[in-house]
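A short worksheet on the structure shown next.
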Amino acid sequence: MKIIINPAVTWCKGYKKALLMHLHDEKVQSVPLSVIEVIEYIATCKKTNYQDILIRFSAHADVVKSYLDFLRHNKWLLEVPSFVAYQPISIEPSPVLKIRNFYIEISENTRLDWFENIAKWLRKHRATHSLIVSFANDSKQAYENASDIFNSAKRHGFNQCGILLPKHLKNENVYFGIRHNLDFFLAQPNSDYKTEINGVEVITLPNDIVHKGSHLQSNLYSCRHNKLGTYRADNIFINKNKYVYPHPFDLYLFGKAENSLDLSNVINSPKTKSYFSMSKDKIDKCRICEYRLSCTNSLWNRQDKDILSSAPNNCTYDPTEGVWHDTTVTSTTCKL
Ligand code: SF4
């Protein structure tokens with residue numbers, strides 16, 4: 001029997017520790033860097049068995065034995081007959097940029113023909129599948145505009161239409177008129193909305209505060225996107241004045257879209273491209289953190305809103321010590 005690394009397992013080294021990630025079970029396990037030394041040895045010597053590994057690391061045989069037993073017990077390592085071949089899962093990011101969610105802010109002046117021009121272009125080029133609306137004000141005209149826009153969005157193939165709820169919704173009944181095309185409401189954290197409004201589901205956005213790693217996961221999507229890819233930056237937001245931003249929570253100005261040609265230029269501009277290609281290995285604090293491939297902390301949680309590589313403003317982990325704290329760690333002592 002030979003020992004192999006479970007094909008669904010990958011790992012990421014940090015400054016002080018390393019992280020094992022199971023891409024099928026979405027499980028993460030923090031381990032000392034020395035565990036990864038053993039794992040990397042197994043990855044390079046394809047025919048290694050248990051005894052071979054103990055001989056290779058004989059100077060630390062007791063420690064390495066405890067590592068191996070732990071890793072086998074938790075299925076990070078598998079023992080298989082020597083003729084079994086395996087192929088680790090690839091985490092290379094996809095080169096295709098896809099905007100998944102299109103947010104717009106609707107006012108009494110938002111025109112249907114403008115929306116349709118933009119929406120058709122997005123559907124044609126970027127495979128956007130959700131439309132999420134916020135309201136600039138509580139006017140009756142704005143709600144009528146939203147109703148027309150939802151009808152049009154469904155006709156143009158948007159899978160889902162939703163409303164981003166303001167913190168204080170004055171009159172829930174205003175949504176009655178647009179309910180038949182509405183799939184969900186998105187509620188901001190700390191709001192006390194119920195699970196549904198007039199029969200439409202309310203989805204509460206996760207609170208983005210990083211707390212002791214509870215937001216971590218390691219599926220293939222997060223690994224691919226946090227490595228070199230899009231940092232989960234897969235939204236665009238156009239406000240009532242037609243200014244384009246990455247998200248309603250991140251007002252990092254990309255440009256203005258009077259029509260689809262403008263939007264095309266904005267999306268292909270260097271500024272927008274650098275936002276969409278931002279990844280945690282371009283941020284000093286995150287670059288040395290072993291959680292960088294499984295961390296889903298959003299890019300908009302950065303200290304300096306004008307600088308994309310600015311350190312996160314809400315992370316409680318100190319990668320230079322390998323310790324989660326109770327309060328935010330905004331600077332590290334590591335000389336980078
Ligand atoms: S925000 Fe950065 S430093 Fe904090 S856990 Fe995520 S990758 Fe690590």
TODO: Return the only residue of S82, S134 being in contact (Cβ under 8 Å) with a residue 24 or more places away in the chain and either assigned to a strand (DSSP E or B) or in contact with a Cys (Cβ under 6 Å, 6 or more places away or on another chain) (or both).
DONE: S134
Task: Answer residue from the stretch 1-26, given it is basic (K, R) and surrounded by fewer than 19 Cβ atoms within 10 Å (Cβ to Cβ) and is nearest to R287 (Cα to Cα) among those - done: K13
TODO: Could you check C286 against (1) closer than 30 Å to G14 by Cα; (2) surrounded by 15 or more Cβ atoms within 10 Å (Cβ to Cβ); (3) more than 9 Å from the ligand (Cβ to nearest atom) and say which number it fails?
DONE: (3)
Task: Test: residue in the stretch 36-47 that is surrounded by fewer than 19 Cβ atoms within 10 Å (Cβ to Cβ) and in a strand (DSSP E or B) - done: no
- [ ] May I ask you to list pairs of residues, at least six apart or on different chains, whose Cβ atoms are under 6 Å apart, with the first in the stretch 15-44 being within 15 Å of Q217 (Cα to Cα) and the second being of a type in the set (D, E)?
- [x] A18/E290; L19/E290
Task: Search result, residues across the stretch 1-41 that are more than 16 Å from V64 (Cα to Cα) and of a type in the set (D, E) - done: D25, E26
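Looking at S264, is it of a type outside the set (D, E, K, R), farther than 30 Å from V35 by Cα and more than 8 Å from the ligand (Cβ to nearest atom)?
Answer is yes for this residue.
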TODO: May I ask you to say which residue of Q188, Q160 is surrounded by fewer than 18 Cβ atoms within 10 Å (Cβ to Cβ), within 25 Å of the chain's Cα centre (by Cα), under 26 Å from S222 (Cβ atoms) and modelled with pLDDT of 90 or more?
DONE: Q160
Task: The one condition in (1) more than 10 Å from the ligand (Cβ to nearest atom); (2) without any contact (Cβ under 8 Å) to a residue 24 or more places away in the chain that N313 fails to fulfil - done: (1)
Task: Close pairs from the stretch 260-288: first among the hydroxyl-bearing types (S, T, Y), partner within 10 Å of the ligand (Cβ to nearest atom), Cβ under 7 Å, at least 6 apart - done: S279/N226
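The values are calculated or read from the model by the stated rules, or taken from the named source; none is laboratory data. Just so we're clear, the structure is a prediction, and the values are computed from it rather than from any experiment. In this analysis, Cβ positions are derived from the backbone assuming ideal geometry, glycine residues included, and neighbour counts consider all displayed protein chains.
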